[in-house]
Amino acid sequence: MLNLFYASGTSAMAPHILLQDSGLPFTVEKVNLDKKTWAAGNYNQINENSYVPTLQISSTTYLTECAVILEYISEQADQRYSFDHHTAEYWQLRSWANYIATELHKNFISPFRKGNWLPNTAESKQLVWQRVRPRLQFVETHLVTPWLMGSQFTFADPYLFVMTNWMKRLGYSFDQLPKLAQFDINMRQLPSVAHVLQIEGAPHSLTNPTNRKEDDHD
């Protein structure tokens, strides 16, 4: 059985949604990103990089990196969330997943933060918005509704939803991004998304106690 290590509101929400949607048997383990712990002890023994998601696929094998985990889940679900490997659509999908990982995800993780993984000061929010805004506009320009690849829901969609969810949490405007705004609405209407949001509960706080370390991130 697959076992997902997650923290509320992080990028781990993407594989959590895909697992829930797929019907594959899985369990979840919640990680405390401040203390680097989980129910059985030291999370660094599971993932030495100290972030989530991590997907345990056997007694001794763990996968990291959100885009990789999402594609693995799709493969386990008979490629339900992907395309045949010999098609142009498959490579386009992989390009999107990597774009989200490198151009959006990592630019949301603010180097200007104070003890958190999302920007949590007025200055850091502005700096991060300057970095992610043109990249979000690129997605907006190429987005084919209702999903990123058009009519087929793929493993990239939950990952993009994490980005729009972070936009909402940070109070960034969708005014110039109407297709992304509609995408976010479409995602929230899925039973799998509603269920995961309920299970995960309140996300990792953007307000930081003074003893929180500077390297906390997802």
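Quick notes on this structure:
- Among the residues here, Val52 qualifies as of a type outside the set (S, T, N, Q), touching a residue at least 60 places away in the same chain (Cβ under 8 Å), under 18 Å from Val196 (Cα atoms) and assigned to a loop (DSSP other than H, G, I, E, B).
- The numbered conditions (1) surrounded by fewer than 17 Cβ atoms within 10 Å (Cβ to Cβ); (2) part of a loop (DSSP other than H, G, I, E, B); (3) charged (D, E, K, R) are all true for Glu75 except (2).
- Among the residues of the range 84-110, the ones that are in contact (Cβ under 8 Å) with a residue 60 or more places away in the chain and either within 25 Å of Leu127 (Cα to Cα) or assigned to a loop (DSSP other than H, G, I, E, B) (or both) come to 5 in all.
- Considering residues of the range 16-34 that are touching a helix residue (DSSP H, G or I) at 6+ places or on another chain (Cβ under 8 Å) and either in a loop (DSSP other than H, G, I, E, B) or of a type in the set (A, V, I, L, M) (or both) only, the residue farthest from Phe153 (Cα to Cα): Val31
- Residue within the range 182-199 that is farther than 27 Å from Gly23 by Cβ and in contact with a helix residue (DSSP H, G or I) (Cβ under 6 Å, 6 or more places away or on another chain) present: no
- Hits in the range 60-69 (condition: outside any strand (DSSP E or B) and closer than 18 Å to Asn42 by Cβ): Thr60
- Residue match in the range 57-77 (condition: under 23 Å from Lys168 (Cα atoms) and of a type in the set (Ser, Thr, Tyr)): no
- Only residues that are assigned to a helix (DSSP H, G or I) and in contact (Cβ under 8 Å) with a residue 12 or more places away in the chain were counted across the range 111-127, and they come to 3.
- Residue count for the range 21-50 satisfying the condition of being surrounded by fewer than 21 Cβ atoms within 10 Å (Cβ to Cβ) and touching a His at 6+ places or on another chain (Cβ under 8 Å): 1.
- Of all residue pairs spaced 6 or more apart or on separate chains, none has beta-carbon atoms under 6 Å together with a first member in the range 9-33 that is closer than 23 Å to Lys168 by Cα and a second member that is among the aromatic types (Phe, Trp, Tyr) and at pLDDT below 95.
- Applying a threshold of 9 Å to beta carbon distances and a minimum spacing of six or more residues, or different chains, the list of pairs starting in the range 144-161 at a residue that is closer than 17 Å to Leu104 by Cα and ending at one that is part of a strand (DSSP E or B) and not polar (S, T, N, Q) reads Ala156/Trp147; Ala156/Met149; Asp157/Trp147; Asp157/Met149; Leu160/Trp147.
The values are calculated or read from the model by the stated rules, or taken from the named source; none is laboratory data. Predicted model only: the values in this text are computed from it and were never measured. Every residue, glycine as well, gets a Cβ built from its backbone with ideal geometry; the counts of neighbours run over all protein chains shown.
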